[in-house]
Each structure stands twice: as C-alpha cells, then as structure tokens.
Amino acid sequence: MSVITTPFCLDGFDAVLSSRTTPGAWRRILVLRDHPNFLNGLARYGELVPDYFSNNIILNKVVTEAWRFEILVYCLYLYDTRDPDDPRSGLTVANLQRICARQQCASRGRVLAILGIMRLGGYLRRIKSPLDSRVVQLEPSEGFVGVVEGWNRRIFQIIDAIAPEGELAHCHATRPRFGWDMRRRGAEAVLAGWKMLDPFPEVNHFVSRDGGWMLLLTCVAKALEPSGGREIAPVSLDLKTFGARFGVSRSHLRRLLEAAYAEGLLDGPPRNGADIRLSAQLVASFLGCMASELGFYRGHALGVSGEMEIAFEHAKEVR
C-alpha cells in the first residue's frame, strides 16, 4: 500500500463529531488525527491488522465484536491484578461475571460462552488455587499472551508511523512489562467509564457485527489510497474471499453493507461488494475513532494523561 499523505476535508464534520464528546477528549483526538503523518498510520493499520486477525480465527470470533473485546480486556486485567494472598482474586468466572454485569457488557451466560470458546482455543486454562482447592482460577496461556503482545506490537508500530519520537515499538520490545502496564492502565480507564465507540455510531454499525471492523478498515484504506487521501474512491471487494479470510459468510457481509446503505452510511447500493461508496460522514467518523483508539493506547503506554499529552504536543509546536 502506498503512503497516504493528505486527508480529505474533515472540517464539515468536526462540529458534529466534537459535540458527541467532551472538549478535552476531542482535543486528544485532534492531537493524532490532525498530525501530518496521521494517514501514514492508516496505511500501516491496513497493512498490519488484517493479517493479525485472519491468522487468529478462533480469537477473532471472540474479539471482533466490540463488547466481546471488552471482555478480553477484563480477563487480562483480572489476571494481572490478582492478589497472590487471596485465592478468590484474579481471573475467575465469578469475578469476570461481576465486572461484566457492572459494565453492562455481557450476561452471566454470555461470559461462560466466551470463556468456553477461549478455553477450547487453548487461550485459557483452568488451575486450582494453591491456597484453596475449592477455587478454580483461569490463567492465560503463553500462546494467548503472545497473541495479545503481537496485537500491541502492531498498534505501537502504527502509532510510531504517525509519531516516531515515542519509539513505542522499541519500548515494547525491550521492556517486558511495557505491554502489561499499558493494558492495566487502559483497563482501568475502561472500568472508569471510557467508551471508544459512543461518539462514533457510524463506526459502531460495523464494529458491533462480526467481521465489520476489518471490513470498514479495509474499505476506508482502499477508498483513500488512490488519491493520497484527498478523495473517497469507490471500493470493490470479493465478499466471499474476504469472508473466508475472517471467518464470516458472504451473505453476512452483504447484509451488513445493505444495512449501512439503508442507514445512509453508504452513498449508493453496495451491489454485493462490487461498488462500495463510503459516505464522507462515515470516513470522517472512522478517522476520528481511529485517532481516539490510537491516542488511548499511546497515552496509556506513555503513562500520561490526555491533558499532559496535549501540553507535550503544544510545547513541541512552540519550540
């Protein structure tokens, strides 16, 4: 994929997008979205992320849909913050069900189903607490941790494509706790109420459906690449091949696109994937959401608050 250098005009959508979030959160989004290298990050995203998910189909079934991804975040957080002196702390079914009920992201039964998928896939294993044999804890396998660290490595490479001075990929490669610390801080922010998708309902239409995240990412990257980001070109996708790659059916993808057109997110009928015309509003929403996501990772990797990050960026501009 060629490097994208200039975004299409976003000004007409900023008033709507900024009204959906707080002034501070919007400023944090603009730190990355308006960075001159931001669309380089989109190109890198399009290169690195689809292969990651197509190579992890079972986990893909768990995390592609937004609320299931949230459950994965809580799994890792519970495990990482366990108290070695308290056998009932850490990643247990009861603890995960409690968090999911409080966060209103999954029922007790749904938690059990997702944990079952993860156990069958070899991502979690059951162990009895050495302090109390009545307590069964869950532990991420080395393979699961490797998959998660692989995801974080790609995210850091994408952020470095925008703002290389952070050297996040290098920090991740050389500091064993770097990924874990970022994930813990991020999970605490999610538990405190941060929701990436709330300000971006256009994106949520795709991310809330299996395979939708990869579909939208692929379409936006393809739509902006020919003009270097100055225009939104029509996109053609072989839905059967795309679906096989990510473990979803062609009919599912077709219905997803048709529903997007019905909601005004596409500028024309998708014709079974042969003529996907993303609306400017959808693309603007996706770019804002992507900046929000990457800024979230970046801030928690650096261990700084959003306001400190904005001050840091402003100081660089002044210098």
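Do we have PHE242 as hydrophobic (A, V, I, L, M, F, W, C), under 16 Å from the mean Cα position of the chain (by Cα), open to solvent by 10 Å² or more (accessible area, probe 1.4 Å) and at pLDDT 90 or above here? Here the answer is no, as PHE242 does not meet what is asked.
Looking at SER236, SER208, SER251, which is the one that is of a type in the set (Ser, Thr, Tyr) and free of Cβ contacts under 8 Å to residues at least 40 places away in the same chain? Working first, answer last.
Details: SER236 fails: free of Cβ contacts under 8 Å to residues at least 40 places away in the same chain; SER208 fails: free of Cβ contacts under 8 Å to residues at least 40 places away in the same chain.
Result of the check over SER236, SER208, SER251: SER251.
Could you please give the count of residues in segment 188-202 that are modelled with pLDDT under 95 and within 15 Å of ARG277 (Cα to Cα)? Counting residues in segment 188-202 that are modelled with pLDDT under 95 and within 15 Å of ARG277 (Cα to Cα) gives 0. Restricting the first member to segment 211-227 and to residues that are at negative phi, and the second to residues that are in a helix (DSSP H, G or I) and among the basic types (Lys, Arg), the beta-carbon pairs closer than 9 Å and six or more apart or on different chains are MET214/ARG245. Residues in segment 17-38: is at least one closer than 22 Å to ASP160 by Cα, among the basic types (Lys, Arg), at pLDDT 90 or above and more than 18 Å from the chain's Cα centre (by Cα)? Yes; the residues of segment 17-38 include at least one that is closer than 22 Å to ASP160 by Cα, among the basic types (Lys, Arg), at pLDDT 90 or above and more than 18 Å from the chain's Cα centre (by Cα).
Return yes when ARG177 is in contact (Cβ under 8 Å) with a residue 60 or more places away in the chain and either out of contact with any helix residue (DSSP H, G or I) (no Cβ under 8 Å at 6 or more places or on another chain) or closer than 24 Å to ASP86 by Cβ (or both) and no when it is not. So ARG177 fails the test.
You will find that of ASP86, ASP80, the residue that is open to solvent by 60 Å² or more (accessible area, probe 1.4 Å), closer than 26 Å to ARG177 by Cβ and either touching a strand residue (DSSP E or B) at 6+ places or on another chain (Cβ under 6 Å) or at pLDDT 90 or above (or both) is ASP86 and no other.
The values are calculated or read from the model by the stated rules, or taken from the named source; none is laboratory data. The structure presented is a predicted model; accordingly, all values stated were derived computationally and were not measured. With ideal geometry, Cβ positions are generated from the backbone for all residues, glycine too; neighbour counts draw on all protein chains shown. Note: accessible area is taken over every heavy atom of the protein model, side chains too, but ligands, DNA and RNA are not part of it. Shrake-Rupley method; radii C 1.70, N 1.55, O 1.52, S 1.80 Å.
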